[in-house]
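Only the coordinates and a few stated rules stand behind these numbers; no lab work does. Please read these numbers as outputs of a predicted model, since none were measured by experiment. Cβ atoms come from the backbone with ideal geometry, glycine included; neighbour counts cover every protein chain shown.
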Amino acid sequence: MSPDLVAPALKEIGKYTFKPLVVYPNLGASYDPKIKQWREFKEKFDFNKLTKKWYQEGARLIGCCCTTGPTEIKQMIV
């Protein structure tokens, strides 16, 4: 899931549960199974700001998926 879709998804899912929520976004890239490669996504995200927002929306387990790396992880723990 692209990082820009996480907050709206948390907001919607949070309406239906009191359980802690989990997010595991990628960098916004999409996988093309025909060529078996990730299609590049040009937009850059500030994971430091995003993880704070996701936490406010109920996410308690926050991780990273495909195409994320050390830079994004470092932003999340600062």
>> Can you give the local net charge around ASN48? Use residues other than it whose beta-carbon is closer than 14 angstrom to its beta-carbon, Lys and Arg +1, Asp and Glu -1.
In response: +3
> How big is the chain on each of its three principal axes, counting only the C-alpha atoms and giving the largest first in Å?
Replying inline: 41, 28, 17
>> At a 10 Å Cβ-Cβ cut-off, how would you order VAL22, VAL6, fewest neighbours first?
In response: VAL22, VAL6
> What does the charge add up to near THR17, with Lys and Arg as +1, Asp and Glu as -1, over the other residues with Cβ less than 13 Å from its Cβ?
Replying inline: +2
>> Run through the range 9-78 and list the chymotrypsin sites (Phe, Trp or Tyr not before Pro) located in a DSSP loop whose Cβ has at most 11 other Cβ atoms within 10 Å.
In response: TYR16, PHE18
>> Net charge within 9 Å of GLY58 by Cβ-Cβ distance, Lys/Arg positive one each and Asp/Glu negative one each, not counting GLY58 itself?
In response: +2
>> Counting other C-beta atoms within 10 Å, and keeping those with at most 13, which DSSP coil trypsin sites (Lys or Arg not before Pro) do you find in the chain?
In response: LYS15, LYS34, LYS36, LYS42, LYS44
> What is the Cα centroid distance between the range 60-74 and the range 1-29, reported in whole angstrom?
Replying inline: 14
